[in-house]
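The values are calculated or read from the model by the stated rules, or taken from the named source; none is laboratory data. In this text the structure is predicted, and so the values were computed from the model without any measurement. Glycine also receives a Cβ, built like all others from the backbone with ideal geometry; neighbour counts cover every protein chain displayed. Note: accessible area is taken over every heavy atom of the protein model, side chains too, but ligands, DNA and RNA are not part of it. Shrake-Rupley method; radii C 1.70, N 1.55, O 1.52, S 1.80 Å.
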Amino acid sequence: MSPVSSLSGKTAIVTGSNSGIGLGIVWELARVGADVVLNSFTNRDEDHALAARIADETGVSARYIKADMSDGNECRSLIEQAGVCDILINNAGIQHVSPIDQFPVDKWDAIIAINMNSAFHTTAAALPKMRAAGWGRIVNIASAHGLTASPYKAAYVTAKHGIVGMTKTVALETAQEHITANAICPGYVLTPLVEAQIPNTMAEYEMSREDVIKNVLLARQPSKEFATIAQIGGTTVFLCSETAAQITGTTISLDGGWTAL
Ligand code: NAD
């Protein structure tokens with residue numbers, strides 16, 4: 001059996017997928033034949049144009065649905081509007097860096113809502129559809145910060161540890177239903193989320209961009225290379241394949257050895 005079978009006939013919903021890792025996952029799923037639903041809270045013409053381009057280039061059906069992942073009702077509405085949900089990728093995420101005693105409450109609430117609570121709501125809405133179809137795949141994009149901590153990232157580390165725990169629980173609740181739930185734990189990937197952390201770090205440590213990348217961002221990533229969006233997309237496709245049917249309730253790290261330290 002090919003490690004990556006076709007996902008033709010399956011519909012995948014990827015939260016937070018108009019940029020970065022989510023968009024890369026959409027492309028990889030579409031390339032192996034899955035119909036895809038893109039999501040963000042923006043609802044711009046270019047979001048819909050992105051879906052049209054993916055459909056044109058891959059031949060699958062691709063739609064964009066606006067839903068704000070900080071709002072539980074909108075999370076559930078995304079799944080209902082999509083109609084079908086064979087594959088659910090919980091990817092939407094934001095970051096804020098601050099000592100915990102100065103951590104802005106609104107940032108804490110937003111990170112917990114978008115990075116963790118959204119996956120509860122989408123999973124709850126998607127499971128009846130997967131059960132009706134007799135098959136399902138849930139892939140939660142966690143982080144190395146779902147397995148280990150860094151200072152000043154209290155909300156992010158809390159949310160990512162939470163989503164790893166939720167992944168295990170969902171796997172146990174669906175273990176006999178041909179539904180799997182797993183979490184991917186990337187180390188640093190050069191996306192807009194990480195780009196946004198570079199200028200402040202350069203100013204804080206009076207470092208060049210290159211030094212920030214090597215000595216701060218990749219300080220704990222032994223390979224000294226970023227994980228790539230394509231690698232995360234490919235791992236997601238693998239977890240959706242029949243080869244991975246007995247992989248459930250676990251984490252896969254793409255972190256260049258970070259969590260081996
Ligand atoms: P990104 O900023 O490029 O993408 C984030 C996505 O989430 C965007 O599509 C954005 O539109 C969407 N989003 C943000 N707030 C939203 C909301 N309220 N409702 C709906 N969508 C919303 O960042 P990324 O690096 O691609 O991050 C994607 C995921 O990967 C996140 O969960 C992040 O924690 C995780 N991750 C990233 C890295 C990294 O180094 N980049 C490492 C580990 C894990």
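Here are the numbers for the structure shown:
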{"quantity": "Count - residues of the range 179-210 that are away from the ligand (no atom under 13 Å from the Cβ), crowded, with 16+ Cβ neighbours inside 10 Å and outside any helix (DSSP H, G or I)", "calculated": "5"}
{"quantity": "Listing of strands (runs of 3 or more DSSP E) fully contained in the range 8-111 that carry 3 or more residues being in the same structural domain as K153 (by TED's automatic domain parsing) and over 22 Å from T167 (Cβ atoms)", "calculated": "35-40, 62-66"}
{"quantity": "Residues that are within 15 Å of the ligand (Cβ to nearest atom) and not small (G, A, S), drawn from the range 30-44", "calculated": "V36, V37, L38, N39, F41, T42, N43, R44"}
{"quantity": "Hits in the range 56-79 (condition: closer than 13 Å to T11 by Cα and away from the ligand (no atom under 16 Å from the Cβ))", "calculated": "V60, S61"}
{"quantity": "Unmet criterion (only one of (1) in contact with a helix residue (DSSP H, G or I) (Cβ under 6 Å, 6 or more places away or on another chain); (2) open to solvent by 10 Å² or more (accessible area, probe 1.4 Å)) for R53", "calculated": "(1)"}
{"quantity": "Some residue of the range 232-241 being in the same structural domain as G22 (by TED's automatic domain parsing), surrounded by fewer than 18 Cβ atoms within 10 Å (Cβ to Cβ), away from the ligand (no atom under 16 Å from the Cβ) and part of a loop (DSSP other than H, G, I, E, B)", "calculated": "no"}
{"quantity": "Selection within the range 121-136 - buried (at least 17 other Cβ atoms within 10 Å of the Cβ) and in contact with a helix residue (DSSP H, G or I) (Cβ under 9 Å, 6 or more places away or on another chain)", "calculated": "H121, T122, T123, A125, A126, L127, K129, G136"}
